[in-house]
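Before any comments, here is the structure.
Readers should treat all values here as calculations from the given coordinates under stated rules, not as data from a laboratory. Everything numeric in this text was worked out from a predicted model, so none of it was measured. Using ideal geometry, Cβ is built from the backbone for each residue, glycine included, and neighbour counts are taken over all protein chains shown.
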Amino acid sequence: MLTTIGYINWWEGRGSKAHQYMQLALDTDPGYRFAGLTDHMLGAGIIAGWNSNVNTAYKNRLDMPRTASRGARIRLPRGTRDTEI
């Protein structure tokens, strides 16, 4: 589980956090090869290819542009009730 969380962090561009999870995984099971290889990859500074391009890099909800301000009203098609959406 720790290795998976670490890998996801690497995938999202958080290499330092990924390294911490890999170290925890290796502390738990020093022989776990996937954690060892992934930690070696992190130590070599390899980043996910999609994270080197601003258009393809992972973005969380805070990074996304806001499309509507708070309290904005959305017009529903005529005859549609809010329970139908």
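Model label points for Ile46 and Met1, set 7 angstrom from Cα along the Cα-to-Cβ axis, are 2.7 nm apart. Take the Cα of Glu12, step 7 Å toward its Cβ, do the same at Leu24, and the gap between the two points is 1.3 nm.
Per q in 0.25, 0.26 1/Å, what log10 I(q)/I(0) does a Debye calculation on the alpha-carbon atoms of the range 1-46 return? Taken in order of the listed q values, log10 I(q)/I(0) reads -0.75, -0.81. Packing-based ranking of 16-28, 36-48 yields 16-28, 36-48, ordered from highest to lowest mean Cβ neighbour count within 10 Å.
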